[in-house]
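Reviewing the structure listed below.
Here, each number is a calculation from the coordinates, and none is a lab measurement. All values derive from a computational prediction rather than experimental measurement. Positions of Cβ are generated from backbone atoms using ideal geometry, with glycine treated the same way; all protein chains shown enter the neighbour counts.
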Amino acid sequence: MTRKIRDSNTLIGLDVGTTKICIVTGEKSDQGITITSARSFSSTGLRKGIVVDADAAAESIRRAVEEAVPSGDRALSVCVGIAGSHIKSFSSEGSANIKGKKVLPQDVEKAIDTASAAYVPLDREILHVLPTDFVLDGQGGIKDPVGLTGRRLEVKVTIVTGAIAAVQSLLRACEASGVAVSDIVLQPIASSEATVTQRERERGVALVDIGGGTTDIAVYQSGWLLRTAVLGIGGNHFTNDLSIGLEVSFPEAERIKKLFGSILCDERQEKRPIKVALANGHVKTISARDISDIIQPRAEETLELIRKELDEAKRLGANISRTVLTGGCSLLTGLEPYAGTLLGTPVRIGYPEVNVPDLSDRSGRHAARARSYDHPVEFSNPMYATGIGLVIYAAQAGESAAVLGNSTHLFQRIVTTMTGWFQNIIGRK
Ligand SMILES: Nc1ncnc2c1ncn2[C@@H]1O[C@H](COP(=O)(O)OP(=O)(O)OP(=O)(O)O)[C@@H](O)[C@H]1O
Ligand SMILES: [Mg+2]
């Protein structure tokens with residue numbers, strides 16, 4: 001079943017996270033996209049972004065949509081994020097014969113198409129086909145080959161795949177909740193859409209989204225996505241450590257972490273008395289130092305794992321000139337400077353963009369946000385980076401997107417939306 005979905009200007013992003021289901025709505029107009037709402041709801045039936053109880057997951061998605069989306073918009077389809085350690089990516093190549101003429105957009109499409117026909121194991125589903133270089137008659141490093149003359153166009157791509165079982169169970173949970181899915185997007189790609197500037201992508205940047213259960217990484221170089229990774233570690237690990245170390249319940253540990261958690265504490269803060277409720281019902285007084293003593297080693301371990309991924313990206317040719325930290329855990333006090341020290345790059349917190357003025361010229365648009373993040377506007381919270389990015393991605397995917405009745409339509413969707421996506425990238429240069 002394939003039907004047109006963009007009769008309305010409303011776009012909906014559905015981020016099925018480990019700690020929350022987040023629904024973001026946005027309005028597309030001639031002026032660009034404006035995020036109109038971003039709301040979180042409790043999520044059940046999911047672990048680390050993967051559906052483990054289909055009925056419970058469908059029920060929580062249904063409830064979230066009912067509350068967050070006005071009834072008139074519920075027939076619209078949603079763009080859904082996906083993550084999990086089942087996500088894998090590999091390189092492939094494709095080509096098109098140009099016969100000494102000018103390269104047309106159709107030639108680019110054909111080259112990408114042949115690259116997409118690479119062998120993919122039967123238990124995996126292609127989620128994204130992302131060009132990393134164009135080569136014309138042996139000359140590489142071409143961003144936009146359209147209009148150039150040559151005989152043979154080659155394209156190098158990264159193909160991102162997910163386990164069919166995980167992709168299908170996410171799709172089924174959405175369908176069972178009554179929601180139609182227009183697109184499935186890798187979460188770090190979505191988070192990048194909301195927080196990383198085009199200029200940063202050109203210069204080399206690492207997007208690190210530290211959520212509750214996973215840390216999603218995307219590294220860009222020369223404008224292209226070079227590498228993605230999903231690590232099974234996140235803010236819940238910090239909370240677990242506090243829960244065990246302080247002998248408090250998980251919710252109490254979560255409260256303590258958000259209110260008093262800090263990676264490092266100075267002499268003035270370290271003796272500050274903090275009252276906590278013990279699991280046995282008693283109250284005890286601890287110091288800020290007790291909390292940072294528990295949190296700091298976990299932060300060090302997490303950043304060490306991230307650094308290994310960034311080192312791997314550097315081996316592939318990335319020259320990372322900045323790290324953008326986002327996701328709820330990026331709000332942990334002191335994490336930003338500590339990450340700067342341990343990762344060896346300048347770090348900024350990625351507050352998602354809530355007004356995207358012009359999709360075809362986005363260079364530098366996040367710089368303003370980066371400067372003003374002391375006063376983020378209402379929805380510009382790092383925990384909404386994925387959800388907001390999904391709305392921006394959906395707007396860019398264009399009018400050609402179609403509802404995915406089942407995952408066999410995924411490949412068809414990639415081919416049909418690839419051109420729009422590619423033209424958008426080129427348009428941004
Ligand atoms: N102010 C804060 N200080 C410290 N940690 C915070 C703060 N706000 C949120 N967090 C933490 O951020 C984590 C949730 O982040 P987020 O909402 O991005 O995760 P998620 O999308 O549900 O999970 P995932 O992306 O792993 O599937 C939790 O561990 C939460 O404790
Ligand atoms: Mg998340």
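For region 235-297, the square roots of the Cα gyration tensor eigenvalues, ordered a ≥ b ≥ c, give a/c of at least 1.5 with a/b no greater than b/c, which places it in the oblate category. In terms of the mean number of neighbouring beta-carbon atoms within 10 Å, the peptides 342-351, 219-228, 388-397, 136-145 order highest first as 388-397, 219-228, 342-351, 136-145.
Once both labels are positioned 7 Å from their Cα atoms along Cα-to-Cβ, the gap between residue 106 and residue 287 label points is 7.5 nm.
Helices in the chain, meaning DSSP H runs of at least 4 residues, each add -39500 (n - 2.57). Divided by all residues, the mean residue ellipticity at 222 nm is -11500 deg cm²/dmol. Binning the C-alpha pair distances of region 186-313 at 10 Å intervals from 0 yields a P(r) profile of 13, 35, 26, 19, 7, 1 %, listed from the shortest bin outward. Under a Gaussian network description of the chain, with springs only between Cα atoms under 10 Å, the residue in 38, 117, 218 that fluctuates furthest is 117.
Relative contact order for region 235-297 using alpha-carbon pairs under 8 Å, separation at least 6, rounded to a whole percent? Could the numbers behind the result be given before it?
On the way: 82 pairs, mean separation 22.4, N = 63.
The normalised contact order for region 235-297 reaches 36 percent.
With a threshold of 25 Å on the Cα-Cα distance, the over-threshold entries among 20/258; 143/314; 101/156; 48/143 are 48/143. Using the alpha-carbon positions of the chain, Rg (one decimal) and Dmax (whole number) come out as 22.0, 81 Å.
Look at 93, 200 and count the other Cβ atoms within 10 Å of each Cβ; fewest to most, that gives 93, 200. Once both labels are positioned 7 Å from their Cα atoms along Cα-to-Cβ, the gap between residue 275 and residue 118 label points is 5.9 nm. Between residue 336 and residue 168, the distance separating the two model label sites (each 7 Å from Cα on the Cα→Cβ line) works out to 4.5 nm.
The value of relative contact order for region 88-163, using C-alpha pairs under 8 Å at least six residues apart, is 47 percent. The mean sequence distance of close C-alpha pairs (under 8 Å, at least 6 residues apart), as a share of the length of the chain, puts its relative contact order at 21 percent.
Using the Cβ-Cβ distance between residue 259 and residue 62 with R0 set to 35 Å, the FRET efficiency works out to roughly 0.60. If R0 is 51 Å, the Cβ-Cβ spacing of residue 74 and residue 304 corresponds to a FRET efficiency of close to 0.70. Residues considered: 193, 353, 66. Largest GNM mean-square fluctuation over the chain, using C-alpha springs under 10 Å, is found at 66. Computed over region 88-163, the quotient of the alpha carbon radius of gyration and 2.2 N^0.38 Å is 1.13.
Starting with the highest mean, order 79-86, 236-243 by the number of other Cβ atoms within 10 Å, averaged over the residues of each peptide.
Result, highest mean first: 79-86, 236-243.
Peptide packing: for 326-332, 293-299, the average count of neighbouring Cβ atoms within 10 Å per residue gives the ranking 326-332, 293-299, highest mean first.
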